[in-house]
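Trainee: Submitted below is the structure of interest, expressed as structure tokens.
Every read-out reported here was derived from the displayed coordinates using simple, explicitly stated rules and does not represent laboratory data. Please read all numbers here as calculations on a predicted model, not as lab measurements. We place every Cβ from the backbone using ideal geometry, glycine too, and count neighbours over all the protein chains shown.
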Amino acid sequence: MELRQIKYYVKAAELLNFTEAAKQLHITQSTLSQQIKQLEAEINVALFDRIGKRVFLTEAGYEFLPFAKQTINDTEMGMQRLLDLQGIRKGTLRIGITYSLCFGLASILLRFMKEYPNIRIEVKYNTALDLLEMLKSRELDIVLSFDVGVQEEQVEVSNLYEVPLCAIVHKRHSIAQQKEVSIKELKNYSLVLPSVGLGARRALDEVLKTLGERLDPHLEMNDVGILLQLVESSLFTTILSQTTIIGRKELVAIPIAEQKEKMTASILTLKGAYPKASSIAFLNYFKEELDYTKTLI
């Protein structure tokens, strides 16, 4: 039994599609099928039922899956430990981050890559909930996001700071000088809002639910960068976290008056997972950038 075969089996079991599994593994479908058949022959148990062009896990396939995943995870953590014993010289660091926490990311990455040139970095930008699922499936090492609104037993949450949900407007907007703004008042302006699933939208929907109110935006989308570009045109107002406007001198963030709880930025990691030295180094850089950023909020 080879670790490669176990990885092939796990990917096929997760997708229940040999064609897609082979594509994601960057191998041919025939290679995948052959390796899984060899694994089944060695353990003398069928892991998949093949019915026409479809595949299904057998009872044995279901039973073996968590042990196979644990074997892969333990091996990867062991290999990472060996790399760390050599210093932060090589390996891959996989980071998930939401747009609202991207401030200073370019400078952090430049600093990290200069200090650790042989570390390969993968950065995934997505919604908090999608990043959480990627973390749970061990596709990411760390996630930087606002509170996802759900509790996961296997996820460790380290809170960083709190910021208010804000109306984001151009500095020439009629409400730009206000200390806060109400939901009722925002109904008078042309709104472009983040889509359902984004952290700011989740916080906004909680406020609206409490008030028994609703907003009718002209546009909803999951690209915060484009939302901010629309607001920079001076025509629209959006509602996002305060940190999204850092570095955008034409924009102003005005706290929503009715918000009871601020948004909490957090670091998410898997409980029990080996903490890569590269992850620790990156987070140290991020926290240093955060300390500076607090002076701008």
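Trainee: Helix 277-293 against the longest principal axis of the chain: what's the angle in degrees, Cα atoms only, rounded to the nearest 10?
Mentor: Around 0 degrees separate the two axes.
Trainee: Show log10 I(q)/I(0) for the stretch 146-212 at q = 0.22, 0.23, 0.28 Å⁻¹, two decimals, from a solvent-free Debye sum over equal Cα scatterers.
Mentor: Treating every Cα as an identical point scatterer, log10 I(q)/I(0) equals -1.12, -1.19, -1.45.
Trainee: Could you give the length gained by full extension between K23 and N73, i.e. 0.36 nm per residue of separation minus their alpha carbon distance, to one decimal place?
Mentor: Extending this stretch completely gives an extra 15.8 nm.
Trainee: In the stretch 143-274, how does Rg compare with the Kirkwood Rh, expressed as the Rg/Rh ratio over alpha carbon atoms?
Mentor: Radius of gyration relative to Kirkwood radius: 1.00.
Trainee: Ok, one more. From the C-alpha gyration tensor of the chain, pull out the three semi-axes of the equivalent ellipsoid (sqrt of 5λ each), sorted largest to smallest, in whole Å.
Mentor: In descending order the semi-axes read 43, 24, 16 Å.
Trainee: Further question on the same structure: With angles folded into 0 to 90 degrees, how steeply does helix 199-211 sit against the dominant principal axis of the chain? Use alpha carbons for both and round to 10.
Mentor: Compared with the principal axis, the helix lies near 60 degrees.
Trainee: OK, next. Counting other beta carbons within 10 Å of each residue's own, what order do F112, F56 fall into, fewest first?
Mentor: Fewest to most other Cβ atoms nearby, the residues stand as F56, F112.
Trainee: While we're looking at this one, here's another question. State, as an integer percentage, the relative contact order of the chain based on alpha-carbon contacts under 8 Å between residues 6 or more apart.
Mentor: Dividing the mean separation by the residue count of the chain yields 21 percent.
Trainee: Turning to a different aspect of this structure: Based on the Cβ-Cβ distance of I226 and V123, what FRET efficiency does E = 1/(1 + (r/R0)^6) give at R0 = 25 Å, to the nearest 0.05?
Mentor: Working from the Cβ atoms, E equals 0.85.
Trainee: Shifting gears a bit: At a threshold of 8 angstrom on Cα-Cα distance, excluding pairs fewer than six apart, so keeping six or more, what relative contact order does the stretch 3-69 reach in percent?
Mentor: For the stretch 3-69, the relative contact order is 33 percent.
Trainee: By DSSP, what percent of the beta bridges with both residues in the chain are antiparallel, rounded to the nearest 5?
Mentor: 60 percent
Trainee: Report, in listed order, any pair from K7/K271; K136/K276; K171/K260; K114/K136; K11/K136; K11/K276 with a Cα-Cα distance greater than 19 Å.
Mentor: Pairs exceeding 19 Å: K7/K271; K171/K260; K114/K136; K11/K276.
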